[in-house]
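Presented below is the structure to which this report refers.
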Amino acid sequence: MDFNEVDEEEFGFSRNYFLAKELGSSGKKSAHKLSDINVVDEQELRAAAANIEPKHQKDITALIKSYKCLYPKWIFELRCGFGLLMYGFGSKKALLEDFASTALTEYSVVVINGYLQSVNIKQVVIGLAEILWEQLKSKRRNSSGNLPKVQQPFSSLSMDDLLAFLDGSVMECDSFICIVIHNIDGPGLRDSETQQYLAQLASCSNVRVVASIDHVNAALLWDKKMVHAQFNWYWFHVPTFAPYKVEGLFFPMILAHGSSNQSAKTAAIVLQSLTPNAQSVFRILAEYQLSHPDDEGMAIDNLYSVSRERFLVSSQVTLNAHLTEFKDHELVKTRRNSDGQDCLYIPLATEALEKLLTEIG
């Protein structure tokens, strides 16, 4: 085929494309709308999905177990200062948790669930600083070393000060705190600011990161400096072909109506992971909202007074800690009433809120 024939063929494709566009625009358009699609209820769709019989379970279990032989190599890479990044099709949650519980028993481990919609990165860093502080105090009792000067409590420090403490404090050789991050590319972590903080955290001398990714564009979250100088990733291809059961629980299903029952079920799962006192504080707020449907919410001072009368909190700081957990999981939100006062409310319909109280009751 010569050059002229190629040009003629390409011209023909272009001409036919624009002719098709003109004919399509001149014809009668469909009156169908997206809202006309008959979608099922989300609860019904999830129930049907849960009843799907899993396939190749033995093969999947054997595949995940086969990765155990890599555990010594992974620990060696962590000791050399690398971060571990696991990629491949399938949920890697069970694999990382097994690695942490069996191979990292000598180290302190902190787990971050990046698949949650909201994760408070500062609370994570505060927790890491408190763990390191306890280890340094234990080290001092066993030796004559001096503790670094640090302002207490850690919650009053800025992120820069917390990161400086994690990076500057000297621990024993070959000792570190390991952060296991399920879905570092998840919706709760994928914003630029959080990724920058995670990269700075990974570069701290006393911290190592083990993370998993599943999004096809996850690598676009980081620049060259973050990848090579801060995270210092060592990539491992570990496809498990395991279903994303836990990770998918917090995402709305495609072509399904969100139901109040599902919202209450998801909130109940989160609440059951909290302390009994936190659940009781949430119950006070929920009961107030049900008994005062016309109010814009419950005043924080009012919630504190009732919670203290019932011996659920001892100070405003304790209540704020519970509220932080509620807000991180989007169980409670804040808005101003007509008097300009901050009020707390639960973003659930009355029916869903009643069902939630029954679930946790």
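Values for this structure:
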{"item": "Local electrostatic count at Leu274 - Lys and Arg +1, Asp and Glu -1, tallied over other residues with Cβ under 15 Å", "result": "-2"}
{"item": "Rounded accessible area of Asp161 (nearest 10 Å², 1.4 Å probe)", "result": "80 Å²"}
{"item": "Stokes-Einstein D (µm²/s) once Rh is taken as the Kirkwood radius of region 273-361 over alpha-carbon pairs, at 20 °C in 1.002 mPa s", "result": "163 µm²/s"}
{"item": "Shape parameters for region 197-243, alpha-carbon atoms, Rg then Dmax in Å", "result": "12.0, 35"}
{"item": "Efficiency of FRET from Cβ geometry, Glu351 and Phe76, R₀ 51 Å, rounded to 0.05", "result": "0.40"}
{"item": "Accessible surface, per residue, of region 316-357 when the full set of protein chains is kept, probe 1.4 Å, Å²", "result": "54 Å²"}
{"item": "Rough spin-label spacing in nm, given labels placed 7 Å along Cα→Cβ, for Gln57 and Ala94", "result": "0.9 nm"}
{"item": "Summed side-chain charge close to Ile52 - residues other than Ile52 whose Cβ falls under 13 Å, Lys, Arg +1, Asp, Glu -1", "result": "+2"}
{"item": "Radius 13 Å from Cβ of Val238, net charge of other residues (Lys, Arg +1; Asp, Glu -1)", "result": "+3"}
{"item": "Under Karplus coefficients 6.51, -1.76 and 1.60, residue-wise ³J(HN,Hα) of region 339-353 in Hz, glycine/proline x", "result": "8, x, 9, 6, 10, 9, 8, 9, x, 10, 5, 4, 4, 5, 5"}
{"item": "Segment Asp301-Glu106, length gained on full extension (0.36 nm per residue, minus Cα span)", "result": "65.8 nm"}
{"item": "Kirkwood-type radius of region 45-111, with distances r between different C-alpha atoms, in Å", "result": "14.1 Å"}
{"item": "Area of Arg283 that stays accessible when all protein chains are in place (1.4 Å probe, Å², to 10)", "result": "70 Å²"}
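The values are calculated or read from the model by the stated rules, or taken from the named source; none is laboratory data. All values reported here derive from a predicted model rather than from experimental measurement. Backbone-built Cβ (ideal geometry, glycine too); neighbour counts: all protein chains shown. The accessibility values were calculated without ligands, DNA or RNA, using every heavy atom of the protein model including side chains. Shrake-Rupley method; radii C 1.70, N 1.55, O 1.52, S 1.80 Å.
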